[in-house]
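The values are calculated or read from the model by the stated rules, or taken from the named source; none is laboratory data. The structure displayed is predicted, hence computed values, not measured ones. Cβ: placed from backbone, ideal geometry, glycine included. Neighbour counts: every protein chain shown. Surface accessibility is based on the protein's heavy atoms, side chains included, excluding ligands, DNA and RNA. Shrake-Rupley method; radii C 1.70, N 1.55, O 1.52, S 1.80 Å.
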Amino acid sequence: MSNLYIIMGVSGSGKTTVGEALAQELSLPFLDADTYHPQANIEKMQSGQALNDQDREPWLVRLNEVLAARSEEGAVLACSALKQSYRDTLSSGLTINWVHLSGGFELIHNRMQLRSHFMPASLLQSQFDTLEPLKDGLTLDITAAPEYLIYQIRQRFEVQQAAQWGIVGMGVMGKSLAINALNKGIATAVYNRDTPEEAHIISDLIQSQDNPKLSGYSNYKDFTEKLERPRKILLMVPAGKPVDLVIDQLSKYLSPGDVLIDGGNTHYNDTQRRSKLLGERQIGYIGMGVSGGEKGALEGPALMPGGDLEAYNYVSTLLESIAAKDPKGAPCVGYLGQGGCGHLVKTVHNGIEYAEMQLLAELYSLMELSNIDRSGYGSLFKSWNVEDYSSYLMSIMPDILDKKEGDAYLLDLILDEAAHKGTGAWTAQTALKYGQDTGIIATALNMRYHSTAGWFRTLSQKPQRTRPAELNLDHAIEAYQAARILNHLQGLRLIKAVSDDHKWNVDLAEVTRIWTDGCIIKSRLIEQLHEALSIDSTSLESWCFQAYQKHQRALKKIVSISIAEDLSLPVHSAALQFGLAISDPNTTANIIQAQRDYFGAHTYKRKDKAPSDNFHTDWTKP
């Protein structure tokens with residue numbers, strides 16, 4: 001490794017500033033090429049005349065001699081070195097680390113007018129005309145902070161420890177996961193694209209962390225070269241085409257045995273396709289759900305990986321080190337199965353989350369019928385967040401309810417239009433495809449759609465509601481719990497249905513264990529489901545039904561009161577209807593089959609005949 005650095009660029013590009021700082025960090029002497037100019041050159045430039053090649057030749061030869069005398073010790077030289085021929089003279093017989101500080105004419109011209117130097121600003125254009133960009137070496141944009149420029153120089157030319165893994169995409173989640181890994185002592189390389197809007201992201205992260213185990217890049221070649229082999233790369237980019245684009249751009253720098261992990265909210269069918277495509281190239285591919293939001297990603301998320309088992313085994317220790325810990329201290333991560341099952345589990349997790357959030361919103365709306373003063377809402381929800389009713393989402397409600405802006409509650413100032421990112425819709429669509437009832441989740445999703453529809457607001461009038469004496473707040477929290485139990489039942493049954501179809505063999509006990517901490521839907525209910533499924537993997541339906549029946553009466557009462565008071569509790573109502581349906585051994589489907597046979601001769605089966613027999617009736621004949 002050479003300890004000779006030449007920082008080049010036109011006059012005013014910041015060569016001296018960067019060179020001096022670099023020399024100080026590396027404990028090397030700093031040399032300013034301008035101090036070695038013959039007096040004749042200085043006088044010529046002072047008179048406004050540009051130097052020619054003949055003027056520069058003895059100066060360049062002298063600089064080469066100075067550097068040669070310091071070749072073992074090392075040095076940092078700031079020098080214009082605008083032409084390749086100049087650089088050839090400077091580096092003759094030496095190994096040089098070349099750095100070009102590049103910037104626009106207007107920016108540098110403005111800098112020169114603010115400084116005192118023997119070369120006037122009028123000669124700047126002649127330097128730009130002479131400049132020949134580096135063929136080898138490092139070219140840096142001078143608009144970046146000097147600290148970041150030095151960081152990039154050191155990353156390029158010093159022998160560095162290989163990073164244990166890399167993360168592509170420094171959005172909120174990607175950045176938080178990177179810091180999480182660094183806090184666990186994991187050498188981490190990060191990548192983010194270098195667009196005008198995002199050019200500061202890597203430099204800001206590097207400066208904020210000041211951690212020698214962190215390295216940042218805006219080109220894939222340097223990023224992938226930093227990683228130990230086989231490479232482990234986590235993609236934290238938006239789902240859909242951006243993932244395909246990143247994979248395509250990264251692929252040219254990957255080798256057989258490398259592992260890609262898609263940690264975004266990706267549709268499981270896309271993960272299936274990418275897993276097959278990359279498997280043909282011997283690139284391990286993992287589709288991994290990541291839950292916990294910014295705080296969870298930073299302190300320990302719940303991770304739901306699926307895909308190539310060999311690839312998972314290679315990255316499992318790393319993932320376990322950054323994951324949350326379950327109540328017994330085990331990492332909230334575990335291999336769930338082949339293909340896209342990890343992303344399917346995360347999709348359904350988010351669907352359950354949609355309903356959990358809507359149920360809390362409806363529980364809040366019930367307060368309109370209560371005698372509780374607005375200032376007491378936060379305390380009430382805090383008192384509810386205990387034992388069987390406790391959850392992460394319930395725990396954040398007091399902070400939301402009590403937050404004020406001036407004299408007003410901030411919640412009252414928030415526009416009542418809910419956003420969504422697709423996973424709720426994917427849950428409902430998947431349920432339709434596999435013939436599963438997820439009406440509770442679908443209703444929560446529909447309420448988000450409804451909130452943004454707008455058309456109804458010009459038609460409706462705010463109802464005049466009473467505070468009915470029969471409203472019991474104990475019934476309210478019980479009704480909420482009843483709906484939650486059925487919500488989780490629907491979601492977990494959907495996971496099992498898709499798993500059975502794809503032969504993934506997803507273990508619902510492991511799914512619920514992973515969800516016990518680090519994720520948005522962590523709760524005492526999840527812990528109870530895990531405990532039950534760990535004892536008997538077939539107990540999901542029976543456990544949920546028995547737990548629901550304890551609270552069914554309260555759910556009926558609360559929904560009845562809401563109807564009487566014209567208060568919309570759509571997800572509570574959907575849960576009640578599902579609960580009533582599963583509480584009755586018979587359905588009304590015999591009427592449906594009769595109608596289908598009447599108008600379409602679709603046939604039907606009979607209770608009193610063999611299951612394989614089909615019947616048709618001419619319903620118009622007596």
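Neighbours of TYR285 by Cβ distance under 15 Å: Lys/Arg scored +1, Asp/Glu scored -1, total -2.
Of LYS184/LYS328; LYS184/LYS276; LYS346/LYS433, which pairs sit farther than 25 Å apart, going by alpha carbon to alpha carbon?
Distance filter (> 25 Å) returns LYS184/LYS276.
Report the Cα centroid-to-centroid distance between the stretch 385-424 and the stretch 448-505 in angstrom, as an integer. Result: 16 Å between the Cα centres. Under the rule a/c < 1.5 gives rounded, and otherwise a/b versus b/c splits prolate from oblate, where does the stretch 202-304 land using the Cα gyration tensor? Verdict is oblate for the stretch 202-304.
Dipole check for the stretch 176-282: with +1 at the C-beta of Lys and Arg, -1 at the C-beta of Asp and Glu, and the Cα centre as origin, the magnitude is about 440 Debye. Would you be so kind as to identify which of GLY406, TYR392, LEU26 lies farthest towards the positive end of the dipole of the chain, taking Lys and Arg as +1 and Asp and Glu as -1 on Cβ and the Cα centre as origin? It is TYR392. Across the options ILE514, ALA479, ALA564, the greatest Cα extent toward the positive end of the charge dipole of the stretch 411-566 (unit charges at beta carbon of Lys, Arg, Asp, Glu) belongs to ALA564. Dividing the mean sequence gap of close Cα pairs (under 8 Å, 6+ apart) by how many residues the chain holds gives a relative contact order of 10 percent.
Report the antiparallel proportion of the DSSP beta bridges in the chain as a percent, rounded to a multiple of 5. Provide the component values of the computation, followed by the final result.
Values: 11 of 47 bridges.
If I count the DSSP bridges inside the chain, around 25 percent turn out antiparallel.
Seen against the Cα atoms of the chain and their longest principal axis, helix 392-402 is set at about 80 degrees. Charge tally around GLU353: other residues with Cβ under 14 Å, Lys/Arg +1 each, Asp/Glu -1 each, net +4. The ellipsoid equivalent to the alpha-carbon distribution of the stretch 410-552 has semi-axes of 32, 22, 14 angstrom, derived from the gyration tensor eigenvalues as √(5λ) and listed largest first. Listed by chain and number, the aspartates and glutamates whose C-alpha is less than 18 Å from the C-alpha of LYS462, apart from same-chain residues fewer than 8 away, are GLU362, GLU368, ASP412, ASP416, GLU417, GLU565, ASP566.
Couplings 3J(HN,Hα) of the stretch 517-526, computed from phi: 7, x, 10, 5, 9, 4, 6, 5, 4, 4 Hz, in residue order, whole Hz [Karplus 6.51 cos²θ - 1.76 cosθ + 1.60, θ = phi - 60°; x for Gly and Pro]. Using a ≥ b ≥ c from the Cα gyration tensor of the stretch 475-614 (square roots of the eigenvalues), is it rounded, prolate or oblate, where a/c under 1.5 gives rounded and otherwise the larger of a/b and b/c decides, a/b for prolate? Judged from the Cα gyration tensor, the stretch 475-614 comes out oblate (a/c at least 1.5, b/c at or above a/b).
Around the amide H of ALA163, modelled in the peptide plane, lie the amide H atoms of LEU227, GLU228, all under 5 Å away and 5 or more residues distant in sequence or on another chain.
Ellipticity at 222 nm from helices only: DSSP H runs of n ≥ 4 in the chain, each -39500 (n - 2.57), divided by the residue count, give -15500 deg cm²/dmol.
Angle, helix 268-279 long axis vs. longest principal axis of the chain, Cα atoms, 0 to 90°, nearest 10? Computed tilt is about 50 degrees.
What's the extension gain from SER2 to LEU459 if we count 0.36 nm per residue and subtract their Cα-Cα distance? Walk me through the numbers before you get to the answer.
Details: separation 457, 0.36 × 457 = 164.52 nm, distance 7.63 nm.
Full extension from SER2 to LEU459 adds 156.9 nm.
Rounded to the nearest Hz, the phi-derived 3J(HN,Hα) couplings of the stretch 329-334 under the Karplus curve 6.51 cos²θ - 1.76 cosθ + 1.60 (θ = phi - 60°) are x, 7, x, 7, 7, x, where x marks glycine and proline. Need the C-alpha centroid separation for the stretch 135-161 versus the stretch 278-308, integer Å. Taking the Cα centre of the stretch 278-308 as reference, the centre of the stretch 135-161 is 31 Å away. Share of the stretch 491-622's accessible area from carbon and sulfur, percent, 1.4 Å? Accessible surface attributable to carbon and sulfur in the stretch 491-622 totals 52 percent. Label 7 Å along Cα→Cβ of LYS276; the stretch 315-352 residues with amide nitrogen under 18 Å? From the stretch 315-352, the list is 338-344. In a reduced charge model with +1 at each Lys and Arg Cβ and -1 at each Asp and Glu Cβ, the chain shows a dipole moment near 1420 debye about its Cα centre.
Name the shape class, rounded, prolate or oblate, that the alpha-carbon gyration tensor gives for the stretch 324-383, where a ≥ b ≥ c are the square roots of its eigenvalues, rounded holds for a/c under 1.5, and otherwise prolate holds if a/b is larger than b/c and oblate otherwise. Write out the running numbers ahead of the final one.
Numbers: a/c = 6.66, a/b = 2.15, b/c = 3.10.
Oblate shape, in that a/c is at least 1.5 and b/c is the bigger or equal ratio.
Given a 1.4 Å probe and the protein chains as shown, HIS530 ends up with an accessible area of around 40 Å². The listed peptides 415-428, 332-345, ordered by packing as a protection proxy, come out as 332-345, 415-428 (highest mean of other Cβ atoms within 10 Å first). Kirkwood radius and radius of gyration were both taken over the C-alpha atoms of the chain, and their ratio Rg/Rh is 1.14. Paramagnetic label reach from GLU294 (point 7 Å along Cα→Cβ; backbone nitrogen cut-off under 18 Å): within the stretch 352-374, no residues.
Each Lys or Arg adds one and each Asp or Glu subtracts one; over the other residues with Cβ under 15 Å from the Cβ of GLU57, this totals +1.
Quick one: divide the alpha-carbon radius of gyration of the stretch 102-224 by 2.2 N^0.38 Å and tell me what you get. Please report the intermediate quantities before stating the final value.
Details: Rg = 17.5 Å, N = 123, 2.2 N^0.38 = 13.7 Å.
Normalised by 2.2 N^0.38 Å, the Cα Rg of the stretch 102-224 equals 1.28.
Computed over the Cα atoms of the stretch 1-103, pair by distinct pair, the Kirkwood hydrodynamic radius stands at 13.8 angstrom.
What number, in nm² with one decimal, is the all-direction average of the projected area of the convex hull of the alpha-carbon atoms of the stretch 511-571?
Working: hull surface 20.9 nm².
With every direction weighted equally, the projected area is 5.2 nm².
Using only the alpha-carbon atoms, how far is helix 241-251 inclined from the longest principal axis of the chain? Give it as 0 to 90 degrees, nearest 10. That helix lies at roughly 40 degrees to the long axis. Accessible surface ranking for TYR312, TYR389, 1.4 angstrom probe, highest first: TYR389, TYR312.
On a per residue basis, the chain carries 48 Å² of accessible surface, using protein heavy atoms and a 1.4 Å probe.
Here the stretch 394-520 is assigned +1 on the Cβ of each Lys and Arg and -1 on the Cβ of each Asp and Glu. Its dipole about the Cα centre then comes out at about 420 debye. Each Cα pair under 8 Å and six or more residues apart adds its separation to the average, and for the stretch 118-205 the resulting relative contact order is 24 percent. Note on the stretch 285-405: Kirkwood radius taken over Cα pairs, Stokes-Einstein applied at 37 °C and 0.692 mPa s, translational D equal to 199 µm² s⁻¹.
Put simply, when 33-41, 99-107 are sorted by average Cβ atoms within 10 angstrom per residue, most first, you get 99-107, 33-41. Look at the dipole of the stretch 221-380 built from charges on Cβ: of GLY264, TYR285, ALA323, the Cα furthest out on the positive end belongs to TYR285.
Rolling a 1.4 Å probe over the protein heavy atoms of the stretch 1-85, with every protein chain left in place, gives an accessible area that is 43 percent carbon and sulfur. As a rough guide to protection, the peptides 598-604, 480-486 ranked by mean Cβ packing within 10 Å, highest first, stand as 480-486, 598-604.
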